[in-house]
Every structure is written in structure tokens, then in C-alpha cells.
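Step one of this worksheet: look at the structure below.
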Amino acid sequence: MTDAETVTIEEKSYSQGQLVRRRFFRHKGAIVAMIVLGLVVLVAFTSIGIGPIPGWWDKNPVSQYEKVGTGAPTWAHPFGQDSIGKDYFALVMLGTQKSLIIAFGVGLISTLIGTVVGAFAGYYRGWVESALMRLTDLLIVIPLLVLAAVLGKIASPWGIWGLTLMLGIVTWTGLARLVRGEVLSLRERDFVVAATAVGTGAQRIIFKHVLPNAVGTIIVAATLAISAAILLETSLSFLGFGVQPPDTSLGLLISQYQTAFTTRPWLFWWPGLMILAIALSVNFIGDGLRDAFDPRQNRSKA
Amino acid sequence: MPTLDLTSSADIVAGGDAVLAFTDLHVTFGTEFGDVHAVKGVTLEVHPGEVVALVGESGSGKSVTSTTALGLLPGNARVSGSVRVGDKIVGDLDPAALRKMRGNDIAMVFQEPMTALNPVLTIGDQLTEALQLHGLAYGSQAMARAAELLEMVGIPEPRRRLKQYPHELSGGQRQRVVIAMAISCDPRVIIADEPTTALDVTVQADILDLLRSLKDKLDTGILLITHNMGVVADMADRVAVMLKGDLVETGTAEQVLTNPQHEYTRRLLGAVPHLGEGSGQSDEGVRASVEKEKVDAAVPALELDNLVIEYHRLGKPPFRAVDDVSFTVGPGEIVGLVGESGSGKSTIGKCALGLIPAVSGAVRILGEDYGRLRRKQLKDLRRRIGVVFQDPAASINPRFPVGEAIAEPLAVHQVGDAASRKQRVMDLLDAVELPRSFYNRYPHELSGGQRQRVSIARALTLEPELLVADEPTSALDVSVQAAVLEMFLSLQSEFGFACLFVSHDLAVIDLLAHKVVVLQNGRIVEQGDRDTVLRTPREDYTKRLLAAAPVPDPIEQKLRREDRHRLLAELGDEIVELRVDPTSDPEPPAGRKTPGAEGGNPLGGAFHGG
């Protein structure tokens, strides 16, 4: 009811950002997911430390320790030990670190490329649009896993950073299409026409007038791109095209210990649970953001 | 607030035979910001064969009130009080009984006929749906009845129309189809929610004629929801005025419109621009503003020379939206561009802004030809033109705070530094009578009128010599419109800009234009001084336009209506009315024009009146 809404807004005014934040924090699933993701990130990076900085966990992922029983989880080794006695908690934390870096890196790169491609295609139309969107179509018709596998192999000498870059380069297509659609409708709005009429240049219109209004779509698509990147990295590493030893990642851990599934199931379950936790919580956050940016999809109980 | 009931006792018919009765109706919406009390104790009755107009500005709760009668409020609404349709109490019905009631006892005519009809179903499918759902007729029998209904509302060749889709019909014809759907199950009462707001004035007059004959011949009660006082004067027997959920005044149309008692009603009526009473602008005003600005009076602000604009269509010949149009806007002069939808008036406005290229002819702004400018020169020329659009909600970037929006032209043309820009914005906020504290507010926090003021301030930021205003007040409530127009006039005398004022509302043009240009289908029908064109029009089309514009006085409007019918008879047109006694074969009666339904027009029938 628009009538009802105008009355309310007059009573107390919120800026658009405040409205979004308010709606987001009322989404319980998203809040829980944010806490879970926060904990995962915190534990993954503080426990074994990054690079030269040491963490609070007293064991490291490379040393072999004396095996306690079969290597099943104990107080000394909460995630258990692998067949040669490595501390599995430290290993999983290292894998989580790498997987998170790859996921967020891929999310960032693909969002940047997708936004720029979509915005230029949608705003300029004509041959720019044709060229950019045919390129997008081309990337879409090649099976993503095959393309990512080939490029990942090429980039393997540069470690996980090379893989991140390559995955970012192949996963922006969906976002570009979304942004283009949004820009196509925004460019016909009166405030864009008004900006054109005072002599505003194309770049300024795109970056100051159009894209800020598409930010909802972009943020939501970016979160979903992150969770998709986690899964893509995992499947690639599992297939042996992703992260290469001595580096490790959650997918690689599962792949390395897949034969141990029946004898030492913890070697399979812990990295699997981490993947699940990260992907699910990122998805829930994306859900919460979408509801917050788009009040029309309101699911609040009356 | 106590309701002033002016209805004299003789007019009150015994309460029992009312077809629609609201008794102490309260509606509250639960929102995420707390409860909103939208309707606060409305008591109202509609009797058979009577039109009750529910009047109020946006947000007054008039649409919510009427929606309760259909039981169509959203889930977060709480209703108390009773709504009676015929002999049924709406609140007591279960969903099945509610469905049975809708259509059979009460029907609705919506504001926007394009969205009220389903674009993927034929007219016939949609008309027969209600008949079949309510078990009144099936198959070929239902089709025959549907053709009969179309015949009744005056749509030519009904059998052929049944197989057509909504987009093949003009706006007026679509609204007739919606009305045909509403009367298909012979309801006792029809709720018409702004039934003519989306239509051109000549089409509006036709639809009002049709609705009037409907209540006369079928004895249906009509609850007419509108903000247009002219429509009220033309149609209503009784009027109820709503303000913020309260019913502040009820009475017969004559009582309320000619002798309003409540202060709000008086204010509302005072704000309605009255065609024929426009103060207009005198030539002295122009001269004064020209002298003030010391501009060369010989160089017109805008000069259109045999302008032709075409829209290119895929696989079809280009559509000529503007054909051989020439007129000039002198410095300091306001020229009103009038026409119905599709007449090309907005296209001309866009061309004057350099947003659409001309196919042939020339557009000269302040002596410079658009076609011959390079990019740099074009940008410089744009500094000297301002623009105000129709919908203030759409024309301000929702992500910019007000101050930044107004300062944007300065930033684009790199004028001044941050401090001087802020000072300029503050001056402009003063000029458009907005508080300076609005500097950091966002557009969605502002009301429609305030947003339009921001939009006008932004247009004036660079002190343009020419302002293009495209229907700047038609999205606003009347009282807001009056204030904005008044401010616009004082700004014009202060800043002395020339203005191309595009509008469909003759009364608004009458209020502020020096010269008037009347457009029809991309061609100029008539142009000249405001007095000449609006008082003593030469062309039939202008006469028809003027005759169709309703005035907010029931007695004067009745005379105008009769004049209009006389004029239509003279011009050989038919007066629209409900044909309740169709011949056995509903085939086209000869001689009626069939506008816009087929071919040759990219925007479907929108270019012609029904």
C-alpha cells in the first residue's frame, strides 16, 4: 500500500542505507550465517597464523607427530591425524585459509569485470553491446569446468593467486548479464535523461548515476559468486586441476584422503563440513541482502 | 474530526436500499515501522442509480476505503466497522462467498486500462471469463453475450474485437472494455477508481458520458474515486471529501462544490486551475523580463523550423512523430505546448534538449543550430538550457542527497569550488521555498511537491536562458500543483528565462502561458496568443479539446456538457452512451469512426481517442 508507506516515511525518515541495514539485521538466517562465517574466518587465520606470523595453535600443518591410536580425533588432535601423523586441524585450517582467499578473490575479480562489462554494454548499446555480450555468450557456451580446468592448469605455476585470477576471468558472465539488464532499465529513467540534458559525460553518468542505483543487484550477485567460487575451486582441486600440492585447499584435502573415507572418515568429514559451512553461510548472507535491498520480496509476517 | 453532513433531509433515502454502505469503517496497516491508521471511521452510502464521488488527495485513504468493499486488502490490514454490499456483510463472508460477491454484486473499473487487462488473452476470453465463472453463460452463448456487452459500451464491430488483444485497441476503447467487464454480471454497484485519470481529456469526456448513461439506464450505483474536481462536477450526485483517513465533508455535488463548508474543501477547490479564468501573462511581463536580462530580443530562445522527427522501427517504415512543426519561443516568454497523448509534444521537448535528432528542419537554441554543433559546443550550449520532467520521483537520482542533486550541473560544468556551490544550492533552496535543512535529505524522504521543487531548483542552477518543462505538475495533487505553479511564475519573473511548457492540461496552460501551440498527431493545429487560442479558437480540434475539459462547478459543467454535445453533433460525431437495447445482430452500426486499432502506428491506438 503506497498510501500507508508515505504516511510512515513522513513520521520518521531513514536514509536508504539505514533502511537496508535495518531490514538486513531483521533477517535471522543472515545474522546467524554472518556469525558462523566470521568465526570460520577468525579461527582459520588466527589458529595457525599467516605466513611469518604465528598463530595460537601449537602444531603446524607440515610436521609429523606421533600417532595417537588410529589417528581418530583426540584432545591433542581435535580433528584427528592423517595416515602419516600430520595434525589434521592445522591442515584443515590451512586449506580453509586458501579456499577463503580464492573464493573472495574470485568474487572480487568477477564482480569488477562483470559490472564494468555489463554497465558499458547496457549504457552504450550498439556495437559495444554486441561485442561485449557475444564475448559473454562465448564464455557461457564453453562448459565452465572445462575452461576453468584448462586455465587453472596454465596458471598453476603462480600458485593460488594464479588460480584466483583465472577463475575470476571465467565466472563474471552471469553478473555481467544481470548488470546489463539493470542498466538497460536505469538508462531510460528520467534522472539519467536529466543528467544528459545538462551535459553530463557518459563515464560520469555510468559511474555516478547509474551504477550506484544498481548496487543492490551487484552486491547480491557478488555474494552468490563467492559461494559459487568456493564450490568451483573445490571441484577443480578434487579433480586435480585446481590447487596443486604442496599448497592445499579444502577440495584438495578431500581428494587426497578420498580412499580413507571408510577407514578414517574424519579425514573426509572435517574439510567437507567446512565447505558446507562457508558455502551455506555466504548463501544465507546473499539471501538476507537480497531481501534487504528489495523490499518488494518482503516475507515478513503481518 | 467531525463530519459536516450537508445532505438535506429530503435527499437521504431510507438506509435500507443502499447498495453499498460503509459504517464506521477503520482500516489499519501493520508495517515494519508500526501501525498506520489509513481510514478513521468512514460512514458512507451509495444508492442505486446514484454516483457518489469520493474525493481526496493522494494518501487520503480513498482507495483503501473502496478496496475494503471488494475484500481485496493486503494481509497486513486490519478492518473494523462494517461494509455492506447489497444484503451481504463483507467481513462475514468466507472466501468462496467473497468470490461470488465480486463481479455479481460489486465490480471495479480500474485507473489504468492497459494493466487492468491481461495482455496475452483476447478481449473475448477476458469478457467471457467472468460470465463463465459465475455460471451465467458458457461457450458460444457467452461469446454472444460478450459481443453484446461491447456493443453496449459503444465499441464498433464487436465480433471482430472479441478476437483482438488489448494492445490492438486505443486507450479509450480499452477502458470501455474494462467497463464492459464490470457490467458483465450486472452488478448492483460499481467502484470506479480514477477511471479517467490515465486518459486524454476528449476520451475522458466520452468515458464519463458512458458511465453516466450506465447509472441512468441500468440503475447501478457508482462509487467514483477521483482527485479531479472537474470530473466530480460532471458526474457526481453526492460528494464525500476525505482528508488523511477522515471524512471531512459530505453533501450533494452542488452543495459541496459551490458552497463548501469545511476549510480543507475550500482550499482544495481554490487550488483547482479554472479554464477561462487564467490570469495568464501580459506582454508587459515579457518586455520587463527581457529588459531585466538585457538579452537581445531579436534572437529567439528557441526556434523550430519545419521540424520533422521520425522514430525508426525494425522492419517497418519509420514513424513520423513530429511533422513540419515551426514555432518560436521568444526570450522571457512562456509558450504552452498542448496536445493529447501521442501528439508529439514531449518529442518536441526532447528535441529542444538535443536528446533526439531531427530528420529535417532546424532547431535553433539561442541562435545556434543543434545539427551543426560539435561536442564541446553542445556541452556549452546545454549550460544555457534547463529541464523539468513530469515525474519528480523518477527525475532525481535516488542515491543523491538533495544538495548534491541540485549542485550536479555545477559539478558537471566545473563551475566554482565546493563552498560557492554550496552557497548557490542554499540560495536555490530559498528560491524554491524549501528549508535549507533539506540539503542532506534524500529524495525518497520528500513529498511529490517538494521533489518537484528540487527538480526546478536543479534546472535553474546554471541560470538557463531556456527552460523546457515537460508536464511538470501533472503528477502532483491539485493543491500542491497550485503552489508549484505559483512559485514557477514568480521564479520566471525573477530569473526571466524563456520556457517551453508542455502540458495536456488546458487550465494550467491558461494560467501561465503567453502563447499557446496546439498539436495533434505531430502537426500544429493552431497557434497564437493565449487569449486568441483559448477564448476564440478557430479550429474544430481546439474547440473539441476546450469543450471536453471539465470545470469544477456542477451547474457550469452541465451547460458545458450540453454545449459539447451540441458541438459534437455539429461536427458529425456521436455522443457516447450505453446502448441497453442492442439489435439482435451486434454488427457495426455504420458511420462510426474506428480509430487507431489497426496498423500504421507504433504505439498502438494510444494516438487516438476512443
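FYI, it's all coordinate maths here, none of it is from the lab. Since the structure is predicted, the reported quantities are computational estimates derived from the model, not experimental observations. Neighbour counts run over all protein chains shown; Cβ positions are idealised from the backbone, glycine included.
Points worth noting:
- The stretch A:79-93 and the stretch A:110-188 have Cα centres separated by 38 Å.
- Electrostatic tally near B:Arg424: other residues with Cβ closer than 13 Å to its Cβ, Lys and Arg +1, Asp and Glu -1, net -2.
- Trypsin sites (Lys or Arg not before Pro) within the stretch B:321-398: DSSP coil, no more than 13 neighbouring Cβ in 10 Å: B:Arg374
- Other protein chain Cβ atoms within 10 Å, averaged over every residue that makes up B:238-245: 0
- When A:Ser83, B:Ser341, B:Ser63 are sorted by how many other C-beta atoms sit within 10 angstrom of their C-beta, beginning with the fewest, the order is A:Ser83, B:Ser341, B:Ser63.
- Sites matching trypsin sites (Lys or Arg not before Pro) across the stretch B:162-241 that sit in DSSP coil, with at most 14 neighbouring C-beta atoms within 10 Å: B:Lys163
- The simple spin-label model puts a point 7 Å past each Cα toward its Cβ; for B:Ser58 and B:Ser82 those points are separated by 3.6 nm.
- Taking amide hydrogens as placed 1.01 Å from N in the peptide plane, the amide H of B:Gly354 sits under 5 Å from that of no residue at least 5 positions away in sequence or on another chain.
- Of B:Lys62/B:Lys244; B:Lys62/B:Lys558; B:Lys40/B:Lys215; B:Lys316/B:Lys345; B:Lys40/B:Lys244; B:Lys215/B:Lys244, pairs whose Cα-Cα distance is over 18 Å: B:Lys62/B:Lys558; B:Lys40/B:Lys215; B:Lys316/B:Lys345; B:Lys215/B:Lys244
- Close amide H contacts of A:Gly85 (hydrogens built in the peptide plane, cut-off under 5 Å, sequence separation of 5 or more or a different chain): none are found.
- Max mean-square fluctuation residue, GNM over chain A, Cα-Cα springs under 10 Å, options A:Gly69, A:Gly288, A:Gly51: A:Gly51
- 5 angstrom amide H check on B:Gly81, placed H, neighbours 5+ away: B:His26
- Looking at the stretch B:509-564, the trypsin sites (Lys or Arg not before Pro) that sit in a DSSP loop and have at most 12 other Cβ atoms within 10 Å of their own Cβ are B:Arg538.
- Label point 7 Å beyond Cα of B:Val308 along Cβ direction - residues of the stretch B:315-345 with amide nitrogen under 14 Å: B:318-326
- Gain on full stretching of the segment that runs from B:Thr115 to B:Leu489 - 0.36 nm per residue minus C-alpha separation: 131.0 nm
- Degrees separating the helix B:402-412 axis from the principal Cα axis of chain B, which is the longest one: 40
- For chain A, the longest site-free run once GluC sites (Glu not before Pro) in DSSP loop states with at most 14 other Cβ atoms within 10 Å are removed: A:67-187
- Fewest-first sequence of A:Trp172, A:Trp75, A:Trp161 by Cβ atoms within 10 Å of each Cβ: A:Trp75, A:Trp161, A:Trp172
- Counting beta carbons within 10 Å around each of B:Val517, A:Val20 and listing the fewest first gives the order A:Val20, B:Val517.
- Tensor-based shape of the protein assembly as shown (alpha-carbon gyration tensor, a/c under 1.5 rounded, otherwise prolate or oblate): prolate
- Cα gyration tensor, the stretch A:171-277 - rounded (a/c under 1.5), prolate or oblate: prolate
- For the pair B:Asp563 and B:Asn440, label points projected 7 Å from Cα toward Cβ lie 5.5 nm apart.
- FRET efficiency for the pair B:Ser474 and A:Trp127, taken as 1/(1 + (r/R0)^6) with r the Cβ-Cβ distance and R0 = 45 Å, rounds to 0.75.
- Shape of the stretch B:105-171, Cα gyration tensor, a/c cut at 1.5: oblate
- Pairwise FRET efficiency - B:Glu463 versus B:Lys422, Cβ, R0 = 22 Å, nearest 0.05: 0.85
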